[in-house]
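The values are calculated or read from the model by the stated rules, or taken from the named source; none is laboratory data. As the structure is a computational prediction, the values presented were derived from the model and not from experiment. Note that each Cβ is placed from the backbone with ideal geometry, even for glycine, and that neighbours are counted across all protein chains shown.
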Amino acid sequence: MKKHIALTSCALAAIAILAGSANAGEKGFKQIFNGKDLSGWKGNTDLWSVRDGAITGVTKAEPKLTHNTFLVWQEGKLANFELRLRYRIVKGNSGIQYRSKVIDQGDFGPIASGYQADFEAGTKYSGILYEEKGRGILALRGEKVEIDGMKEVKKGKRVRKQPVKKVTGSLGDTAEMQKKIKSEQWNDYRIVAKGNHLQHFINGMQTVDVIDKGPGNAKSGILALQIHVGPPMTVQFKDIRLKKLN
């Protein structure tokens, strides 16, 4: 009996150590979604709701969206931070908007501009850094990039401004990264923003690493979740944890 009690005590101690290690990885993080309703978030409730403990965005064939729209976190602006969450998407495209701003109230809800941690039901864009209503794609999946200034590019009769990008390294093969992203299942997304250094991670693998020295690079702004125009889609978010950094 004494031997059994001793073994049980050791097992409990091991479990406590493992639990402590897991909690240590979450030290300083705060849940910013209560898992029950949209308290603390604002958007079009015809499109956004809570289902099965997850923030859920759903679009249908009718009415057809005419612009991208967002569910905006209401607890202020973020500067330096780490965000962790889980997402799931069925068809379509979505993303996590950060250091952004609401630029209009459209027919289907808030319209935002700024950095976006992209993801989709397709195979190319999950993990990239995109600037919504701004400079477009800043880093493709697998790229380490430095951005410095803008340049004019002529396409036919049109002249467009594009960011000056220098690819400084590789984080891995984009096709191999895609194999680790689970289609229509839950995936982990992590975003780290410190000064002008921006990093995205999906399921533990780093997908982009960006130093943004460009004009107008945002130092702070809102956090929001996206519903994208296009075919009917469903996107879900849960376990949303935030840690503000110095």
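Check whether at least one residue in the stretch 138-146 is in contact with a strand residue (DSSP E or B) (Cβ under 7 Å, 6 or more places away or on another chain), farther than 27 Å from Val58 by Cβ, at pLDDT below 95 and not aromatic (Phe, Trp, Tyr), and report yes or no. Talk me through it step by step, then tell me what you get.
Step one: of the stretch 138-146, the residues in contact with a strand residue (DSSP E or B) (Cβ under 7 Å, 6 or more places away or on another chain) are 138-139, 141-146.
If we keep only those that are farther than 27 Å from Val58 by Cβ as well, we get 138-139, 142-146.
Subsequent filtering for residues that are at pLDDT below 95 retains none.
No; the residues of the stretch 138-146 include none that is in contact with a strand residue (DSSP E or B) (Cβ under 7 Å, 6 or more places away or on another chain), farther than 27 Å from Val58 by Cβ, at pLDDT below 95 and not aromatic (Phe, Trp, Tyr).
Please count how many residues of the stretch 46-83 are of a type in the set (A, V, I, L, M) and in a strand (DSSP E or B).
Going through the stretch 46-83 one residue at a time, the tally reaches 8.
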Checklist entry - Just one of Ser94, Ser126, Ser113 is in contact with a strand residue (DSSP E or B) (Cβ under 8 Å, 6 or more places away or on another chain), at pLDDT 95 or above and closer than 15 Å to Gly216 by Cβ; which is it? => result Ser113
Checklist entry - What number of residues within the stretch 165-181 satisfy the criterion of being surrounded by 14 or more Cβ atoms within 10 Å (Cβ to Cβ) and over 19 Å from Phe119 (Cα atoms)? => result 1
Item to check | Qualifying positions in the stretch 167-187 - touching a Gly at 6+ places or on another chain (Cβ under 7 Å) and at negative phi | outcome: Ser170, Leu171, Asp173, Thr174, Met177
Checklist entry - Taking strands (runs of 3 or more DSSP E) that fall entirely within the stretch 201-246, which contain at least 1 residues that are surrounded by fewer than 19 Cβ atoms within 10 Å (Cβ to Cβ) and either in contact with a Phe, Trp or Tyr (Cβ under 9 Å, 6 or more places away or on another chain) or modelled with pLDDT of 95 or more (or both)? => result 205-212, 234-244
Item to check | the stretch 145-182, subset free of Cβ contacts under 8 Å to residues at least 12 places away in the same chain and in a loop (DSSP other than H, G, I, E, B), residue nearest to Thr123 (Cα to Cα) | outcome: Gly156
Next on the checklist: Restricting to the stretch 92-106, and then to whatever is over 21 Å from Asp239 (Cβ atoms) and within 13 Å of the chain's Cα centre (by Cα), can you tell me which residue is surrounded by the most Cβ atoms within 10 Å (Cβ to Cβ)?
Outcome noted: Ser100
Checklist entry - Which of (1) modelled with pLDDT of 95 or more; (2) more than 18 Å from the chain's Cα centre (by Cα); (3) among the hydroxyl-bearing types (Ser, Thr, Tyr) does Thr56 not meet, given it meets every other one? => result (2)
Item to check | Members of the stretch 41-91 found to be under 15 Å from Phe237 (Cα atoms) and of a type in the set (Gly, Ala, Ser), listed by number | outcome: Gly43, Ser49, Gly53, Ala54, Gly57
